[in-house]
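Quick notes on the structure that follows.
The values are calculated or read from the model by the stated rules, or taken from the named source; none is laboratory data. The structure presented is a predicted model; accordingly, all values stated were derived computationally and were not measured. So basically every Cβ, Gly included, is an ideal-geometry build from the backbone, and we count neighbours across all protein chains shown.
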Amino acid sequence: MCYTIFIVKANKKEGRRLTSLPRQPRRKSHSNVYHCMLRGINKQDIFFEKEDYLKFQDIIRKTKETHLYQLYSYVLMPNHIHLEIKDEGQKISQIIHSIATSYATYFNKKYERKGHVFENRFQSKNVENTVYIFNLVRYIHQNPLKAGIGKMEKYQWSSYFEYFQNQEVEKREKIVDTEEILEIFLPGVDQEQAKKEFIKFNDKIFKFRESKELLEYEIKNRLTDKEVIYFIKEELGIDNIQEIQKYNMEERNKIIRKVKKFKGISHQQIARILGINIRIIQRA
């Protein structure tokens, strides 16, 4: 997948001209594991019906056969997708391009539209150690919970059900390499026991401070109001957010400063959620 940035240069003698600069190649992950995210153009929804989710899962299955990569975890959210991929062939850009192109072709044909379905370039982060690998699996699985749209074990469109094997979730062909993750998680332990321990690990609420890498990754992605509210309640232990308005100035500003540390949240968003004047938010 090749992208080019065009820069317009002005010169008194030569006038304006276009100079093309190739984008820098993605840095290789030492573990060959990558956290990739595809987002709908202008943050628009990319899944409308059950058939859309099933189609994307089928595309993953086919591209795994073609490009020979491993998938550790995934989640399909209404307007974006998280994938944790192990790619030893150093073809991560080709893999994501193949997935995105296949789904965009299907999506545009089905909904009789033209143009981009996803933002131009997918986002990716190298996953360089096993702690990060496991925290990322948990982070991905907890996306529906974090967004307030469903519990992990009830949400059909993630890899969690392949680890959990919930009877309430429709049975489908596996597309995730759960065995390798479980072997790394608890080497030499029976798969069923490893799975039970891994489920306990996934059930623990993910906190940003557990992984510096994930914290850095989140800065690139704006949080929704639901996500911000969720983290205020979970991280700060505040059940009634509107009560913050009634706190004394010192306590209120202390809370505001903590909220401002969340990556991916703007001052305007904090003011809107807390119901506090934006100037107070900026000064706190």
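From the list Lys195, Lys200, pick out the single residue that is surrounded by fewer than 13 Cβ atoms within 10 Å (Cβ to Cβ), within 21 Å of Lys151 (Cβ to Cβ) and at pLDDT 75 or above.
The unique qualifying residue is Lys200.
In this structure, is Arg113 at pLDDT 85 or above, of a type outside the set (S, T, N, Q) and out of contact with any His (no Cβ under 7 Å at 6 or more places or on another chain)?
Yes; evaluated as a whole, the condition is true for this residue.
What number of residues within the range 98-130 satisfy the criterion of being under 25 Å from Glu88 (Cβ atoms) and either acidic (Asp, Glu) or out of contact with any strand residue (DSSP E or B) (no Cβ under 9 Å at 6 or more places or on another chain) (or both)?
Of the residues in that region, 7 qualify.
Go through the range 53-95 residue by residue and tally those that are among the charged types (D, E, K, R), surrounded by 18 or more Cβ atoms within 10 Å (Cβ to Cβ) and over 28 Å from Glu153 (Cβ atoms).
Matching residues across the range 53-95 total 1.
Limited to the range 167-188, what total is found for residues that are of a type outside the set (D, E, K, R), at pLDDT below 80 and either surrounded by 13 or more Cβ atoms within 10 Å (Cβ to Cβ) or assigned to a helix (DSSP H, G or I) (or both)?
Here the count works out to 1.
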